[in-house]
Amino acid sequence: MGLPVPPLNLKYVKIYRDRHGKTRYYFRKKGAKSVRLPDLHTEGFLEAYHAALTGHERIEPKAATIKSQTLDHLIVLWMKSPHFLRLEGSTKAVYTRLLSRVRESEASQGNALSMQAKHIRILVSHFGTAPTTAQRILRLLGQLMQFSISIGWREDDPTLGIKIKRQKSEGIHSWTEGEIAQFEAHWPSGSVPRLALYLMLYTGQRRSDVVGMGPADISGGSLSLKQKKTKTELILPIHAALLAEIKQWQGSGQTYLEANSGRPYTPNGFYNVFKAWSREAGLPEQCSPHGLRKAAARRLAEAGCSANQIAAITGHKRLTDVAHYTKAAEQRKMAEDAMSRLTKSV
């Protein structure tokens, strides 16, 4: 085997290139068996990683180890259901990770038929006090309870009415102009990382949509897409800066962004490689692909766009999700105008 390649911020993951130049991925934890992982850019990578992390060879254990009508049993049944199997790969990966944590808890052996609101609160609190994690676990348990109703196990959903206290937070970090310039300074025009940056920054889309963009989506100076998450159809004018990068693209595949395998990136595979590009540019860990979607909305607001105009680009369904960008931009402009008047009056 060749020299190790720096890991992409995943604990216990080791990445190597073999003598044929092929990248290999392994889960190696002290005291545990080494596990070969799929390619980083495939849909199965995160599921295999979390299975290795939790010590499970697969999410579904042997039938003999599952106690009938327990929460554990309900989880296994739900993960076999058409509803779960139809979920996007990235969503299934997140759910699989969270469900693995639930199944490791003692509460998973409780009777799913007799669970009450107090049991739900205890189970949610078991996973810590972080509001985001608590909200995700609560929503996931709600889906499980709704599934239990559909299969005749229960007649009610004990998660209804439970509230998680929200903490004030700015959420995902929005890239600053300085951070964008730093990435541009490191990755020159014509490079794949620069193209990836501009595909996100000048379309305002999620990474799940950006990885699917390709030459077939462009016609008459516009880019057409259907958002994977919301199914919203958009036609976006192509910004001159993005067009300049697209013209330098030398690929031959169906998408502008491709993994080493020649296949399009999965959303999670792209997240990992973009984070690696950002780290190489010396940017802090808080700089993520989704932060560029927020930066795109911020730029539109600072250019004087209304919430409706921003939503026409980003595809947001609720104007309240973009209103704070326009509010912040208006505050800044008014403050600049006020200071300018004060300066003239002195």
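The values are calculated or read from the model by the stated rules, or taken from the named source; none is laboratory data. Since this is a predicted model, take the numbers as computed values, not measurements. Every residue, glycine among them, receives a Cβ derived from its backbone with ideal geometry; neighbour counts consider all protein chains shown.
Numbers for the structure displayed
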read-out	value
Cross-chain or 6+ apart pairs with Cβ under 8 Å, the stretch 326-344 first and in the same structural domain as GLY304 (by TED's automatic domain parsing) and farther than 22 Å from ARG298 by Cα, then hydroxyl-bearing (Ser, Thr, Tyr) and surrounded by 10 or more Cβ atoms within 10 Å (Cβ to Cβ)	none
Residue in the stretch 249-268 that is within 24 Å of ASN308 (Cβ to Cβ) and outside the structural domain of GLY21 (by TED's automatic domain parsing) present	no
Condition check for ALA307: at pLDDT 90 or above and crowded, with 16+ Cβ neighbours inside 10 Å	no
Qualifying residue in the stretch 212-225 (condition: touching a helix residue (DSSP H, G or I) at 6+ places or on another chain (Cβ under 9 Å) and either assigned by TED's automatic domain parsing to the domain that holds SER125 or among the hydroxyl-bearing types (Ser, Thr, Tyr) (or both))	yes
Set LEU199, LEU236: member being in contact (Cβ under 8 Å) with a residue 12 or more places away in the chain and not in a helix (DSSP H, G or I)	LEU236
Subset of the stretch 287-301 [of a type outside the set (Lys, Arg) and over 19 Å from LYS333 (Cα atoms)]	CYS287, SER288, PRO289, HIS290, GLY291, LEU292
ASN268, sole failed condition from (1) surrounded by 16 or more Cβ atoms within 10 Å (Cβ to Cβ); (2) modelled with pLDDT of 90 or more; (3) assigned to a helix (DSSP H, G or I)	(2)
Number of the condition not met by THR320 [criteria: (1) out of contact with any Cys (no Cβ under 8 Å at 6 or more places or on another chain); (2) in contact (Cβ under 8 Å) with a residue 40 or more places away in the chain]	(2)
Search result, residues across the stretch 45-72 that are of a type in the set (Asp, Glu) and modelled with pLDDT of 70 or more	ASP72
When residues of the stretch 148-197 are limited to those that are within 23 Å of ALA259 (Cβ to Cβ) and over 24 Å from the mean Cα position of the chain (by Cα), the one surrounded by the most Cβ atoms within 10 Å (Cβ to Cβ)	HIS186
Search result, residues across the stretch 269-293 that are basic (Lys, Arg) and either in contact with a Leu (Cβ under 8 Å, 6 or more places away or on another chain) or closer than 17 Å to LEU236 by Cα (or both)	LYS275, ARG293
In the stretch 183-210, the residues that are among the hydrophobic types (A, V, I, L, M, F, W, C) and more than 18 Å from GLN227 (Cα to Cα)	PHE183, ALA185, TRP187, VAL192, LEU195, LEU197
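Each row is one residue, and each column tells you yes or no for (1) modelled with pLDDT under 70; (2) basic (Lys, Arg); (3) under 21 Å from TYR265 (Cβ atoms).
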position	(1), (2), (3)
PRO4	yes, no, no
LEU10	yes, no, yes
TYR16	no, no, yes
LYS22	no, yes, yes
TYR25	no, no, yes
LEU37	no, no, yes
GLU43	yes, no, yes
